[in-house]
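J.: Quick one: the structure is below, questions incoming.
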């Protein structure tokens, strides 16, 4: 048991740490690419070097970009990115037109943001007045009081401080690029980093700097366009507001440049505009269809995923309380749609599937709107089901391990087990806080996290289940167990139990919090107390269930206890494996070969050939374990 823990648990920690490290490195990489894309025009004009210092900097930065990209592990996207980095260096070397360099830099930036799921937008509306105060305090001495690059301390700098009033530069810089520059500075220039500022202050400062070059007349036109928005046209969202330059917005939307100018001056209107999840789903499906019509299969699949992960999934628990059948139909149709796109089905078939989904989503929207928020009864039932469903599997693992320790008189090991699930609760809450304030966790990232954790837990449960059941067939089994427990449950193994407790609980915590966030958003003010009531009743039921299992399990004869606990853990391994594969498939990380039957979610059985193959392997391995134990006991008897 300790060997499997010492393989998987450090791997999980390393993945978490390396993900955070890669996000920081990738932000820096995006910053360099943005810098090259914008400032290259200052170095080369019409194939001629006009500023030797700037050009040398471009050559240096593209070399750093290529080296950084080459260090990325070899996924298809990373390989494509490396080709783009080499092409960027080639363009710089050959003094290509600035437009070509800028276009390639934009493509690379988009690729990196997608590859690492980078956070490109603030969590709240930037405060431009606070940003202005920070600017006067930290930036005006170099960039000038009005942002035109003529500050007293900037006169002797080479290169000169940026003139933020310059229209061409304003059109080419995104707020995300400005945020990265403020965070990391620019090596070899007078621009030092301001990472000591809080994330909120850096976004405030970036937003103010990004508003300096706005033409007031253009912004006024953008305001009129915004006010005419009727809910049917594509609109700038928070990610686009921060992640796109005004020129890129102009290419993406009609009147996009004017809209971006307006939002740079009044960002609070964008953050007040919260698109309902079902609207997100319907809009994403429409975009998916357009992409499929144009032959962009990967893009169509991505938007179909978004429709589920960032749209429907956020309200499916709430809809289930109103109409379970409708919720199941939508979930099933979205799964079939992704399969149709993945297998490149005829356009007519995909279009019909999306049309059917749009009608189902409109029905769901109508049902939820008719309620004006969840009724008290629906709020209570939904809250109750969420916690009971998400908590039951984790409780079973922890309780089975607790009963095992009590049954074998190893109460000294209980603190390790409790430390595991308590740490999972604390880390789950910290993960939620971090996702709200610091790191953007997308639906795909949530599914990948849940899927990986479920598969790791499944492997550990399979091993522990086999380990427990194997003891029932040992010669002189009771004496062997009592003797081996003292030897086997050493410090490393105890930490293995803590690790299993941790990972079994942690995989449920963040998803539970996510569902409750969506539930609070849907519940009417009169239903808020009922949400709390449903949570408390479910929590009480889980505690009662845990107490009953422990109480009755300690009365079971030792050999039968080991056998039944081993079987329970093997069943949980089967369930976790199915749910882990389904989560990774929902995130689009692994292939999904659809089968024609309805999912049995409580058993982790989904209409997926890949998931059933893994589960069949677990069933076969379990059958071998159990049969070997049975025949061994028969021989000894």
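Taken together, the values in this text are just the output of simple stated rules run on the coordinates, not laboratory data. In this text the structure is predicted, and so the values were computed from the model without any measurement. Counting neighbours? That spans all protein chains shown, and the Cβs are built from the backbone with ideal geometry, glycine included.
J.: Taking N as the number of residues in region 277-370, what is its alpha-carbon radius of gyration divided by 2.2 N^0.38 Å?
T.: 1.01
J.: In whole angstrom, how far apart do the alpha carbon centroids of region 579-611 and region 101-142 sit?
T.: With region 579-611 and region 101-142 each reduced to a Cα centre, they are spaced 38 Å.
J.: Also, quick follow-up: Full-extension gain between residue 548 and residue 52, please, as 0.36 nm times their residue separation minus the C-alpha to C-alpha distance.
T.: Fully extending the segment from residue 548 to residue 52 adds 170.7 nm.
J.: Divide, for region 259-303, the radius of gyration over alpha carbons by 2.2 N^0.38 Å, where N is the residue count.
T.: With N residues counted in region 259-303, Rg over 2.2 N^0.38 Å equals 1.53.
J.: For labels at residue 93 and residue 133 in the simple 7 Å Cα→Cβ model, what's the distance in nm?
T.: 5.1 nm
J.: Give me the distance in nm between label points sitting 7 Å out from Cα along the Cα-to-Cβ direction at residue 153 and residue 409, one decimal.
T.: Placing both labels 7 Å beyond Cα along the Cβ direction yields 7.3 nm.
J.: If each of residue 324 and residue 598 carries a label point 7 Å out from its Cα toward its Cβ, how far apart are those two points in nm?
T.: According to this spin-label approximation, the distance is 1.0 nm.
J.: How large is the convex hull of the C-alpha atoms of region 27-116 per residue, in Å³?
T.: 71 Å³
J.: Let me ask you something else. Quick one: Cα centre-to-centre distance for region 169-192 and region 378-398, in angstrom?
T.: So the separation of the two Cα centres works out to 47 Å.
J.: Find how much the distance from residue 541 to residue 621 grows on full extension, using 0.36 nm per residue of separation minus their present alpha carbon separation; answer in nm with one decimal.
T.: Full extension from residue 541 to residue 621 adds 25.4 nm.
J.: Between residue 198 and residue 165, 0.36 nm times their residue separation minus their Cα-Cα distance comes to what?
T.: Result: 9.3 nm gained on full extension.
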